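Read through the structure below, which is laid out as structure tokens, and then see the notes.
The values are calculated or read from the model by the stated rules, or taken from the named source; none is laboratory data. What you see is a predicted model, and the numbers here were worked out from it, not measured in a lab. Heads up, the Cβs are rebuilt from the backbone with ideal geometry, glycines too, and the neighbour counts pull from every protein chain shown. All accessible areas refer to the heavy atoms of the entire protein, side chains included, with ligands and DNA or RNA removed. Shrake-Rupley method; radii C 1.70, N 1.55, O 1.52, S 1.80 Å.
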Amino acid sequence: MKTVNHWIGGKTVEGASGNYGPVTDPATGEVTTQVALASADEVDAAVRVAQEAYQSWGQSSLAARTKVLFAYRALLDANRDAIAELITAEHGKVHSDALGEVARGLEIVELACGITTQLKGELSTSVSNRVDVAAIRQPLGVVAGITPFNFPAMVPMWMFPLAVACGNTFILKPSEKDPSAANKLAELASEAGLPDGVLNVVHGDKVAVDALLAHPGIAAVSFVGSTPIARHIHTTASANGKRVQALGGAKNHMLVLPDADLDAAADAAVSAAYGSAGERCMAISAVVAVGSIGDALVEKIRERAEKIKIGPGNDPDSEMGPLITAAHRDKVASYVKGAADQGADVVLDGTGYTVDGFEKGHWIGLSLLDNVKTDSDAYRDEIFGPVLCVLRAETYEEGVALINASPFGNGTAIFTRDGGAARRFQLEIEAGMVGVNVPIPVPVGYHSFGGWKDSLFGDHHIYGNDGIHFYTRGKVVTTRWPDPSEAPVGVDLGFPRNH
């Protein structure tokens, strides 16, 4: 059986703890790989390697860093398919979704290639008599990233390219459910010329995570995952004196006004709710239909959802793959099975779905729930699967109040032809990312990604300017030099003396 080991100091390092976790092909249900699970001692060894590498990398020139990043970008581009195949084999998402994930990660690598502009700093001359003030940004040291299973390449690339571009060294702890993509990213970085120890990958479970949060040699921790874990990461790492950005869960809403193009809204709802099998924090999981358009909108969504082809991710005809594990599949199914008892109309029931020839895979079909109540489990919880809830509101104001009452504030969208309504929505809605006739408003790489309320713990969003500020700290230098004409007697700098 294949074993995924750690990547430390520019080479593969075999696990020493004796503990391994299973990695499953979600399409077949078979365990295909085992991944080494690090002990606290192994985490400590990786931190020491990263600390040593920081001594030179933190002092390296911006030209040297960007040379590596440009080479890295080229290698990632050339290996898109290979990375996507690893994602599909362990996560289950279809190949096109996996390629899209790699493309979104590449955006942040491209941002990191332009780090010279982002780290320019500021200068004020002559603030007083021969006094200048400069503001500069410097790296933190060793930083860590803890990333989720749903985007095993993209989310790591949202973190470490900017971190190393800023002069830090990085320890990545990817999900143990689909670990191979992380190692591939690290191997390509080494091939691009990144010095040994600048980027390290340590696999593990809660033992490794707790060791990272407590280690005094780590200056900052980035995290993407569920809200309960994000809250724990933020509380624990902050108590240990670390800078933290912890992105949590979501319940993203799409408000559809009566004037909206219902065909466009239905297309958007289907792709945003069911793409990547709903296993993404920016999935639309709740549609709020305003006024009399609810029935027509639900019917259009149903018609489209029934046509989605479900199958193995490596089948070019598949539009949606399996869920990551059987346990997660069963949890998602439980929300659908309990929806009717809590007042919802089950328009589509995707539970019990199987694919011929792959009966042991982690399959589930698309589910559509109408007239969902705000106190039901299917609405309150982040399901993280292909389940779309439709809620009804009589007015725009009622719809906005419903959305703002949610404890989550990650992303939201409005579908309307009215510019004034859209303008009000983007100002009145309590969420960090807003789409206007755009169902999944993930910002481009040079704007930052992050939510409000229980969707973010910490002060910084991820990537963009916030990411650069997170991975650096500011320093202000105030300088006063005497005029050269005041040089001591006997020192001639070629300036006329003052008499």
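If the chain between Asp295 and Val438 were fully stretched, how many nm would it gain, using 0.36 nm times the residue separation less the Cα-Cα distance?
49.3 nm
Do you know the relative contact order of the chain, to the nearest whole percent, from alpha carbon pairs under 8 angstrom that are 6+ apart?
Value for the chain: 18 percent.
What distance in nm separates the two pseudo spin-label positions at Thr374 and Val127, each 7 Å out from Cα along the beta-carbon direction?
4.9 nm
Considering the zone a paramagnetic label at Thr478 would reach in this model (a point 7 Å from Cα along the Cα-to-Cβ line), which residues of segment 111-139 have amide N under 16 Å from it?
123-136
Using alpha-carbon positions, what is the distance between the centroids of segment 63-119 and segment 229-245, in Å?
After rounding, the separation between the Cα centres reads 28 Å.
For segment 137-296, what's the radius of gyration and Dmax over Cα atoms, in angstrom?
Cα only, segment 137-296: 19.3, 62 Å (Rg, Dmax).
Calculate, in nm to one decimal, what Gln138 and Glu359 gain on full extension: separation in residues at 0.36 nm each, minus their alpha carbon distance.
74.2 nm
If amide H atoms are built 1.01 Å from N in the plane of the peptide, which residues on other chains or at least 5 residues away come under 5 Å of the amide H of Val201?
Result for Val201 returns Trp7, Ile8, Leu172.
Take every DSSP beta bridge whose two residues both sit in segment 250-400, then give the antiparallel share in percent to the nearest 5.
In segment 250-400, DSSP labels about 20 percent of beta bridges as antiparallel.
Among the aspartates and glutamates, which fall within straight-line cross-link reach of Lys173, defined as a Cα-Cα distance under 14 Å, with same-chain neighbours fewer than 8 residues apart omitted?
Glu42, Asp44, Asp205, Asp210
Quote the relative contact order of segment 1-146 in percent (integer), defining contacts as alpha-carbon pairs under 8 Å separated by 6+ residues.
19 percent
Which FRET efficiency value, to the nearest 0.05, do you get for Gln51 and Asn404 by plugging their Cβ-Cβ distance into 1/(1 + (r/R0)^6) with R0 = 41 Å?
The formula returns an efficiency of 0.35 here.
Antiparallel versus total DSSP beta bridges in the chain: what percent is that, nearest 5?
Antiparallel bridges make up about 40 percent of those DSSP assigns within the chain.
Determine the share of segment 87-226's accessible area contributed by carbon and sulfur atoms, expressed in whole percent, with a 1.4 angstrom probe.
Carbon and sulfur: 53 percent of the exposed surface of segment 87-226.
Listed here are the pairs Lys206/Lys337; Lys67/Lys120; Lys206/Lys475; which of them are more than 28 Å apart at the Cα?
As for pairs spanning more than 28 Å Cα to Cα, those are Lys206/Lys337; Lys206/Lys475.
To one decimal place, what Kirkwood hydrodynamic radius in Å is obtained for segment 302-368 from all pairs of distinct Cα atoms?
12.6 Å
Full-extension gain between Ala78 and Gln426, please, as 0.36 nm times their residue separation minus the C-alpha to C-alpha distance.
Going from the current span to full extension adds 121.4 nm.
Provide Rg over Rh for the chain; use the alpha carbon set for both Rg and the Kirkwood Rh (inverse mean inverse pair distance).
Checking Rg against Rh, the ratio lands at 1.05.
Using only Cα atoms, find the angle between the long axis of helix 62-78 and the longest principal axis of the chain, and express it within 0 to 90 degrees, rounded to the nearest 10.
30 degrees
Report the Cα centroid-to-centroid distance between segment 356-390 and segment 416-481 in angstrom, as an integer.
29 Å
Based on the Cβ-Cβ distance of Gln59 and Ala340, what FRET efficiency does E = 1/(1 + (r/R0)^6) give at R0 = 41 Å, to the nearest 0.05?
0.05
Counting only the backbone N, which residues of segment 50-74 are under 18 Å from the spot 7 Å out from the Cα of Thr116 toward its beta-carbon?
Residues 59-74 qualify, since their backbone N sits under 18 Å from the label point.
Where only protein heavy atoms count, and the probe is 1.4 Å, what is the accessible area per residue for the chain in Å²?
Using a 1.4 Å probe on heavy atoms only, each residue of the chain averages 41 Å².
With the crude spin-label approximation of a point 7 Å out along Cα→Cβ, what separation in nm comes out for Ala214 versus Asp261?
Between Ala214 and Asp261, the label points sit 5.6 nm apart.
Please determine, in degrees from 0 to 90 and to the nearest 10, the orientation of helix 227-239 with respect to the longest principal axis defined by the Cα atoms of the chain, where the helix direction is its Cα long axis.
Between helix and principal axis, roughly 20 degrees.
So how tilted is helix 40-57 from the main axis of the chain? Cα-based, degrees 0 to 90, rounded to 10.
The angle comes out near 50 degrees.
Report ³J(HN,Hα) in whole Hz for each residue of segment 413-418, in order, from the Karplus equation J = 6.51 cos²θ - 1.76 cosθ + 1.60 where θ = phi - 60°; Gly and Pro get x.
3J(HN,Hα) across segment 413-418, in whole Hz: 9, 10, 10, 6, 9, 9.
Just to verify a number: FRET efficiency for Ala327 and Glu397, C-beta to C-beta distance, R0 = 30 Å, to 0.05?
The pair Ala327/Glu397 has a calculated efficiency of 0.15.
So, in nm, how far is label Ser96 from label Glu30 when the simple model puts each one 7 Å beyond its Cα toward the Cβ?
Inter-label distance under the simple model: 2.7 nm.
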